[in-house]
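Here's the structure, in structure tokens; my notes come after.
What follows draws every value from the coordinates through simple rules; no lab data is involved. Fair warning: this is a prediction, and the values are worked out from it, not measured in the lab. As a convention, Cβ positions derive from the backbone with ideal geometry for all residues, glycine included, and neighbour counts pool all protein chains shown.
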Amino acid sequence: MDYYFLDKVSWEHSQALYHAAAYLGHEALFILRPATPYVCIGFHQDAEQEIDLEFANKNNVPVFRREVGGGAVYLDGGQLFYQLILRKDNPQVPEDKDAIYRKFLMPVVETYREFGVNAEYKPINDIIANGRKVSGNGAAEINDMIIIVGNFILDFNYEMMSKCLRVPDEKFRDKVFKTLQDNLSTMLRETGSVPDTRKLGDALVKRYEAILGPMTLKTTPDADLVAKAEELQIERHTNEWLFANDRRRPDARQVKIREGVYVIQNMFKAPGGLIRVTAVNEDGVLRDVHISGDFFFYPAENLPKLEQMLSGVPAQNEAIAQAIEIFYAQNIVETPGVLPVDFARALIPA
């Protein structure tokens, strides 16, 4: 298995390389950081609802939609990323997604501790220190490959993160800024210094080698990875890709509102992430359902199928939850920290 220590790369390659490895069926570990800042939204998120696109454009901060779930994040050279790509049938990969997080995040926790950070694993996919998040993580399935991605937060630009997010007003933005400072920490904040990135990467690799076996160090990506990454860049750096999820969202201006017909727009915070829903309740029946948010949904391509299945379901909490449970069973769906009833609670609040 290859260990690519690349340190600073273009922001495009900081996302495209691990996607490329997955599509090529190449087991690997990437340790890298973007040379310039950008914003990355989760696979199931709606760009226009999550990001202040006008601010990002004016400040030359690209926005990219990854194929991994979770929330919107501001990324820059102050964060060192680990991106682990494994075959789904690798005997070291648990079948249960919660178990995958626990198994492959504990080496990260131990590495943080080696460098003086009092880190702990917090299910489902966070690492905390002294009550503050110090690493955000996600997982995805692509082409029968499992991807686990996360970061060592060396330092963090709280102001830029708060400015890139879409908020209703500046008072709310100030609240976001303060909440970020109170709940997200860094290695600099916890220890007073930033470690050498190579030493940090190598320390993590030693722990992964104890699980996965020896890794071959490479400091430049292979030609096939670069070629596939560049192919993906062309496909993914388009408005069609960025706004793909947004375009599933029904446009309320096209819905005729009459007695018994109204648009549902709700949010529900489940342990595994925030769920946003937009739908039409037409005489007590769901229509035009759109679901987005920072949760994780496996297989990811089944989320639009779930939306379609919900069209025609009675707009009742119990009926929705039951229909989703059946869908989960028939399609072998997993949503760590999110239950079928949570989607029902988002659509029809108690």
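Data table
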quantity: Whole-angstrom gap from the stretch 149-176 to the stretch 285-306, using each part's C-alpha centre; calculated: 26 Å
quantity: Distance in nm between pseudo-label sites at LYS103 and LYS88 (7 Å out along the Cβ direction from Cα); calculated: 1.5 nm
quantity: FRET efficiency, GLN316 to ASP96 (Cβ-Cβ, R0 30 Å, nearest 0.05); calculated: 0.45
quantity: Net charge, LEU29 excluded, C-beta distance under 13 Å - Lys, Arg +1, Asp, Glu -1; calculated: -1
quantity: Relative contact order [Cα under 8 Å, 6+ residues apart], the chain, whole percent; calculated: 19 percent
quantity: Sites ASN331 and GLU48, calculated FRET efficiency, Cβ-Cβ separation with R0 35 Å, nearest 0.05; calculated: 0.80
quantity: Computed over the stretch 249-347, Cα set: Rg, Dmax in Å; calculated: 12.8, 38
quantity: Whichever aspartates and glutamates have a C-alpha closer than 16 Å to that of LYS199, once near sequence neighbours (fewer than 8 apart) are set aside; calculated: ASP7, GLU110, GLU114, GLU209
quantity: Scattering curve values for the stretch 1-106, log₁₀ I(q)/I(0), Debye with Cα scatterers, q = 0.12, 0.17 Å⁻¹; calculated: -0.47, -0.89
quantity: Tail weight of P(r) past 16 Å, computed on alpha-carbon pairs of the stretch 117-173, percent; calculated: 60 percent
quantity: Packing rank of 66-78, 296-308, where each peptide gets the mean count of other beta carbons within 10 Å, highest leading; calculated: 66-78, 296-308
quantity: Distance between modelled label sites at LYS122 and ASN266, nm, 7 Å Cα→Cβ extension; calculated: 2.7 nm
quantity: FRET efficiency, GLU114 to SER10 (Cβ-Cβ, R0 45 Å, nearest 0.05); calculated: 0.95
quantity: Extension reserve of the THR216-HIS237 stretch, reckoned as 0.36 nm per residue once the Cα distance is removed; calculated: 4.5 nm
quantity: Members of LYS8/LYS218; LYS88/LYS305; LYS8/LYS103; LYS58/LYS163; LYS58/LYS171; LYS8/LYS163 lying beyond 18 Å, as alpha-carbon distances in this model show; calculated: LYS88/LYS305; LYS8/LYS103; LYS58/LYS171; LYS8/LYS163
quantity: At q = 0.15, 0.31 Å⁻¹, base-10 log of I(q)/I(0) for the stretch 1-52 (Debye sum, equal scatterers on each alpha carbon); calculated: -0.52, -1.15
quantity: Simple label model, 7 Å out from Cα along Cβ direction - ASP224 to LEU339, nm; calculated: 4.5 nm
